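Below is one structure, written out as structure tokens; comments come after it.
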Amino acid sequence: MDMKRVVVGLSGGVDSSVAAYLLKEQGYEVIGLFMKNWHDDSVTISDECPWLEDSNDAMIVANKLGIPFQTVDLSEEYKERIVDYMFREYERGRTPNPDVLCNREIKFDVFLKIALDLGANFVATGHYCRKDTVTKDDKTIHRLLAGKDPNKDQSYFLCQLSQEQLAKTLFPVGELLKPEVRQIAKEQGLVTADKRDSQGLCFIGKVRLPDFLQQQLKPKEGVIVEVPENSPVFNGQSATDENKLLTESKKFVYTPQDGKVVGKHQGAHFFTKGQRKGLAVGGTKDPLFIIETDVDNNIIYTGQGKNHPGLYRKGLFVKQDEIHWVREDLKLNEGETMEVQARIRYRQPLDQATLHQTDNGLYVLFANPQSAITEGQFVAWYNDEELLGSGVIS
């Protein structure tokens, strides 16, 4: 190999440290780059400044490996593409996934462009996923595969990447298990060997989400309504074939008359479906779960217990312009279906599902009812260990 240049996103964690080490061992010319992302001290839970500590660790690792290192400040792009987007989504009563966006918009877009400007052939990260390349009809196709470590597979977070982005990306730790990564770091005397995995949002560390959101979204008192599990709302209409997709994917619609007021809250836009904590309502036999938030009328609907029928649906819908195929060659045409495995959140076991492409979007129908299907989150679909595509749940 003629010394291909790789820019590694050194985050100050063990995974990216080992990624840099492995690439150097494989003969690449490696450059370490730390991304300083948007940071706001007013909403972080602890006094420590995570990005300073992380950039320092990244610099120590680069030093140890004998590779050039620099910090790039991406705060502005972060605020614009991730933070502002989050505020907008919460305001609409949707729950965004900043980690998926951060990969699509920052690490594999803004950061990738910086790397290419530095004359790099590739960027690399410490993600637990794999990539391979196949040829089909004389075309090169990059496949995004789950990481070898089933407990750490992070392919879901990369579900919005394109063929162009994958072509320029390497995932050096994807073939390893986490304990193996830590072992390599120990053997190489890397300062990050025993460092705990980072928690919290991809750009601001551990935060109190309501505090973060309250900077732009004002508190507004509303009521919490508890809907009993035997409510007529859940009887629904029987689904004929034509409206089966519609019926199975439709949200339950509640009115205050469907239950009783059991408490107050400070703004429906601070809460999300499936949430249990933060309601401050006591005295129920089973814990209350949020089954719906109505931001227009500022009402939170809840149900008792994690098996409440209001939490479950078999189907979901993705609008046409929010469907994304990693494998563009497998894209469905109107009227076509595809059997896949799918998940609606990170670390959720894959479940059998069928994709139905219609003229206005994509229906995803699961074999089993799914708990807390949440608008704004991503559904990702797979064929065995290959991630084929994803979409924003509508």
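Applying the selection to the stretch 245-282, what residues are touching a His at 6+ places or on another chain (Cβ under 9 Å) and small (Gly, Ala, Ser)?
278, 280
Among all residue pairs at least 6 apart or on different chains, which show Cβ distances below 6 Å where the first residue, located in the stretch 296-307, is within 16 Å of residue 260 (Cβ to Cβ) and the second is part of a loop (DSSP other than H, G, I, E, B)?
Close Cβ pairs (under 6 Å, with a partner that is part of a loop (DSSP other than H, G, I, E, B)) amount to 300/271; 301/227; 301/254; 303/227; 304/284; 304/286.
Out of all the residues in the stretch 88-99, is one or more more than 25 Å from residue 58 (Cα to Cα) and free of Cβ contacts under 8 Å to residues at least 60 places away in the same chain?
Yes; the residues of the stretch 88-99 include at least one that is more than 25 Å from residue 58 (Cα to Cα) and free of Cβ contacts under 8 Å to residues at least 60 places away in the same chain.
Which residue out of 343, 347 is within 15 Å of the chain's Cα centre (by Cα) and loosely packed, with under 15 Cβ neighbours inside 10 Å?
347 is the lone residue from the list that is within 15 Å of the chain's Cα centre (by Cα) and loosely packed, with under 15 Cβ neighbours inside 10 Å.
Of the residues 323, 393, 299, which is of a type outside the set (Phe, Trp, Tyr) and touching a helix residue (DSSP H, G or I) at 6+ places or on another chain (Cβ under 7 Å)?
Just a single option satisfies the conditions, and that option is 299.
If the Cβ limit is 6 Å and pairs must be 6+ apart or interchain, which residue in the stretch 34-62 that is under 26 Å from residue 115 (Cα atoms) pairs with which residue that is at pLDDT 75 or above and of a type in the set (Gly, Ala, Ser)?
34/55; 34/58; 38/75; 54/12; 57/12; 58/12; 61/17; 62/32
Hey, among the residues in the stretch 109-136 that are among the charged types (D, E, K, R) and free of Cβ contacts under 8 Å to residues at least 12 places away in the same chain, which one's farthest from residue 29 (Cα to Cα)?
The selected residue is 113.
Scan the helices (runs of 4 or more DSSP H) fully inside the stretch 80-181 and keep the ones with 3 or more residues being surrounded by fewer than 20 Cβ atoms within 10 Å (Cβ to Cβ) and in contact with a helix residue (DSSP H, G or I) (Cβ under 8 Å, 6 or more places away or on another chain).
Hits in the stretch 80-181: 84-91.
Residue 169 - would you say it is in the same structural domain as residue 106 (by TED's automatic domain parsing) and over 21 Å from residue 102 (Cα atoms)?
Here the answer is no, as residue 169 does not meet what is asked.
Every residue in the stretch 348-380 that is closer than 21 Å to residue 311 by Cα, touching a helix residue (DSSP H, G or I) at 6+ places or on another chain (Cβ under 9 Å) and without any contact (Cβ under 8 Å) to a residue 40 or more places away in the chain, please.
Answer for the stretch 348-380, where residues must be closer than 21 Å to residue 311 by Cα, touching a helix residue (DSSP H, G or I) at 6+ places or on another chain (Cβ under 9 Å) and without any contact (Cβ under 8 Å) to a residue 40 or more places away in the chain: just 348.
Taking the residues in the stretch 258-296 that are of a type in the set (Phe, Trp, Tyr) and modelled with pLDDT of 90 or more as candidates, determine which candidate is surrounded by the fewest Cβ atoms within 10 Å (Cβ to Cβ).
Filtering first and then ranking leaves 289.
Could you tell me which residue of the stretch 297-338 is surrounded by the most Cβ atoms within 10 Å (Cβ to Cβ), considering only residues that are under 24 Å from the mean Cα position of the chain (by Cα) and aromatic (Phe, Trp, Tyr)?
Looking at the filtered set, the residue picked out is 317.
Considering only the stretch 275-298, I want to know if a residue exists there that is closer than 30 Å to residue 359 by Cβ and of a type in the set (A, V, I, L, M, F, W, C).
Yes, because at least one residue in the stretch 275-298 is closer than 30 Å to residue 359 by Cβ and of a type in the set (A, V, I, L, M, F, W, C).
Does the stretch 199-213 include one or more residues that are more than 27 Å from residue 307 (Cβ to Cβ) and at pLDDT 90 or above?
Within the stretch 199-213, not a single residue is more than 27 Å from residue 307 (Cβ to Cβ) and at pLDDT 90 or above.
If you take the residues in the stretch 20-62 that are in a loop (DSSP other than H, G, I, E, B) and among the acidic types (Asp, Glu), which one is modelled with the highest pLDDT?
Per the criteria, the residue is 40.
Could you check, for the stretch 308-318, whether at least one of its residues is touching a strand residue (DSSP E or B) at 6+ places or on another chain (Cβ under 8 Å), without any contact (Cβ under 8 Å) to a residue 60 or more places away in the chain and of a type in the set (Val, Ile, Thr)?
no
The values are calculated or read from the model by the stated rules, or taken from the named source; none is laboratory data. Given the structure is predicted, the values throughout are model-derived calculations rather than measurements. Reconstructed Cβ throughout: ideal geometry from the backbone, glycine too, with neighbour counts over all protein chains shown.
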